[in-house]
Amino acid sequence: MAETCHRRSACRLCAGIDLQEVLSLEPTPPANAFVPKELVGKDQAVFPLDIFFCQSCGHVQLLDVVDPKILFENYVYVSGTSPVFVKHFEDYANDVLNTYQPPKGAMVVDIGSNDGTLLSFFKKAGQTVLGIDPAKGISQDATERGIETWCDFFTPELSAKINQEHAPAHVITANNVFAHADDLTSIARGIADLLAPGGVFVFEVSYLVDVFKDVLFDTIYHEHMAYHAVGPLQRFFPQVGLELFAAERVPSHGGSLRGFVQLAGGTHTGDGSVDRLLEIERRLKLDDSTTLKEFGARIDRLGETFTGVLRELVAAGNTIAAYGAPAKCTTLLHHFGIAPGVIEFIVDDSPLKQGLYSPGLHIPVVASDVLLERMPDVLIILAWNFADVIMEKNAEFRDKGGKFLIPVPKVRLCP
Ligand SMILES: [Zn+2]
């Protein structure tokens, strides 16, 4: 396993080496390492999930880096499968187009473009689009559906190739990439080289403020190496000739940060939003490692409540299933120590996951029609960020007496 995971010795944002461990979660297999039937029951390699705080710049991060080839080449997350995300991306594209008004037809590049959902809305508005994504199947499909997508990791070399074969980009987007990549300096350099004068780089990442405040600890998994806050990012971008000039909070993934970046000294002026978020981070003392150490105790309390409720339900003879097999369910099920066999099956709407088995625990993932056929007593909503949508969609399950158990951000049993 030595070749598949290594531990960094320096901070991902500032290269500082004064790194303090603030939280240690149960080791897990990669969160998206769903396995086929023939591997059920066979041990899967697990990797550490330890969170470190950089004493120099305040960046919160994993230092154990699982080989990105293992994490991303057979990635099974497809954004277009979730109607909530499709709408999110449509609004996102429209916001960027309305606010920054790139010239008609100008290049829009999406790094980590997944199935091309976001780019499809830029294309509809008349922009030239290019996706970059290392997942083979997903990028091929996107190209076939008319969103040109290069199957690759974004680097300064790739950025030069885009400049050569296309043109500098007036809009560059990257959603979750800034949390999902080990070498952020290389990506940021590539962005600085590719951005046209007056252009804007927009990114979304889970926001440390929300992860911390709402105990969204299950968003911690190996793909997700960085837990960003405005403070450390504001100090990071100038190292590569960029500047963060605006930032806002958006609801994706239980709470995310959308940042707006331009070439240093560019024409876009700040609106005070960066300072407002910095103030929130200061108030929560997220620049202090002690605060982050307390986070572990809050996760433990949430875990005790959740497993207590689950234990009582099982003891009373209830059958248990789950809804949604997002990456974060791997962390939650492992860290809360849910024993194999407690959850009979997981319903997931993505055909790419159906027929596979969950990482580590090997719980079968099935299509939604199985739910009413088998009618478990309780459905744990592992995709808790879509809890309302899932409960509404499964009203028939509830009408027949099924209950929903939501684990995060607060444990709730809904009759
Ligand atoms: Zn640092």
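The values are calculated or read from the model by the stated rules, or taken from the named source; none is laboratory data. These numbers come from a predicted model, not from an experiment. Quick reminder, even Gly has a Cβ in these numbers, built from the backbone with ideal geometry, and neighbours come from all protein chains shown. What goes into the accessible areas is simple: the full protein's heavy atoms, side chains included, and nothing from ligands, DNA or RNA. Shrake-Rupley method; radii C 1.70, N 1.55, O 1.52, S 1.80 Å.
Some values worked out for this structure:
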quantity: Residues satisfying the stated conditions in region 272-316, i.e. in contact with a strand residue (DSSP E or B) (Cβ under 9 Å, 6 or more places away or on another chain), within 23 Å of Gly341 (Cα to Cα) and without any contact (Cβ under 8 Å) to a residue 40 or more places away in the chain; calculated: Val314
quantity: Given (1) within 21 Å of the chain's Cα centre (by Cα); (2) at pLDDT 90 or above; (3) aromatic (Phe, Trp, Tyr), index of the condition Tyr75 fails; calculated: (2)
quantity: Qualifying residue in region 22-39 (condition: within 14 Å of the ligand (Cβ to nearest atom), modelled with pLDDT of 90 or more and not polar (S, T, N, Q)); calculated: yes
quantity: Hits in region 40-59 (condition: polar (S, T, N, Q) and either more than 16 Å from the ligand (Cβ to nearest atom) or in contact with a Pro (Cβ under 6 Å, 6 or more places away or on another chain) (or both)); calculated: Gln44
quantity: Looking only at region 40-72, and only at residues there that are at pLDDT 95 or above and either part of a loop (DSSP other than H, G, I, E, B) or among the β-branched types (Val, Ile, Thr) (or both), the one that is surrounded by the fewest Cβ atoms within 10 Å (Cβ to Cβ); calculated: Gln55
quantity: For Phe345: the one exception among (1) open to solvent by 20 Å² or more (accessible area, probe 1.4 Å); (2) touching a residue at least 24 places away in the same chain (Cβ under 8 Å); (3) closer than 22 Å to Pro36 by Cβ; calculated: (1)
quantity: Subset of region 215-243 (residues that are part of a strand (DSSP E or B) and either surrounded by fewer than 21 Cβ atoms within 10 Å (Cβ to Cβ) or charged (D, E, K, R) (or both)); calculated: Leu242, Glu243
quantity: Residue count, region 244-265 (criterion: of a type outside the set (Lys, Arg) and in a strand (DSSP E or B)); calculated: 13
quantity: Residue that is farthest from the chain's Cα centre (by Cα), among those in region 213-243 that are aliphatic (A, V, I, L, M) and within 16 Å of the ligand (Cβ to nearest atom); calculated: Val240
quantity: Pick from region 166-192, criterion modelled with pLDDT under 95 and of a type in the set (D, E, K, R), ranking: surrounded by the most Cβ atoms within 10 Å (Cβ to Cβ); calculated: Asp182
quantity: Every residue from region 244-262 that is within 12 Å of the chain's Cα centre (by Cα) and either open to solvent by less than 10 Å² (accessible area, probe 1.4 Å) or under 18 Å from Asp95 (Cα atoms) (or both); calculated: Ser252, Gly255, Ser256, Leu257
quantity: Val365 in contact (Cβ under 8 Å) with a residue 60 or more places away in the chain and touching a Lys or Arg at 6+ places or on another chain (Cβ under 9 Å); calculated: yes
quantity: Every residue from region 283-299 that is open to solvent by 60 Å² or more (accessible area, probe 1.4 Å) and in contact with a helix residue (DSSP H, G or I) (Cβ under 7 Å, 6 or more places away or on another chain); calculated: Lys285, Asp287
quantity: Selection count where residues are acidic (Asp, Glu) and away from the ligand (no atom under 16 Å from the Cβ), scope region 3-21; calculated: 1
quantity: Leu23, sole failed condition from (1) in a loop (DSSP other than H, G, I, E, B); (2) of a type in the set (A, V, I, L, M, F, W, C); (3) open to solvent by 10 Å² or more (accessible area, probe 1.4 Å); calculated: (1)
